[in-house]
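These notes are about the structure you will find just below.
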Amino acid sequence: MPDLPHTYPFRFVDTILRPAGADFREGRVLTRVTAGARATSGEAWATPTLLAEAIAQAALLLEGGDPEIGRRGFLAGIENFEVVRSPEAGESLAIDVRL
């Protein structure tokens, strides 16, 4: 798996489920929500903004995961972002990214 410049407690992407491919049309990653993670507050993620960060990490990872690009900055735009509820401990999130 390509590397991300993010480390615990701020790395949310666990696994690439579907690589983006050379044309980077779309890809899918997996994020596991655990009760012991710093992102959680009790049984749910502390803020929905962390979901936007998880999407941005997915985009960087699927782009190739070049840690140097991530350290210099990587801007990801998100359209129609809406959070209905925060993920709870024990859930896994499949995050689809499409350019």
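Bear in mind these aren't lab numbers, they're just calculated from the coordinates by the rules spelled out. Bear in mind the structure is a predicted one, so any value in this text is a computation, not a measurement. Neighbour counts run over all protein chains shown; Cβ positions are idealised from the backbone, glycine included.
Observations, loosely collected:
- Extended-chain gain in nm, criterion 0.36 nm per residue less alpha-carbon gap, PHE81 and PHE10: 23.5 nm
- For segment 80-87, Karplus couplings with θ = phi - 60° (6.51, -1.76, 1.60), whole Hz, Gly/Pro x: 6, 7, 9, 10, 7, 7, 6, x
- Averaged over residues, the count of other Cβ atoms within 10 Å places the peptides 23-34, 82-93 in the sequence 23-34, 82-93, highest first.
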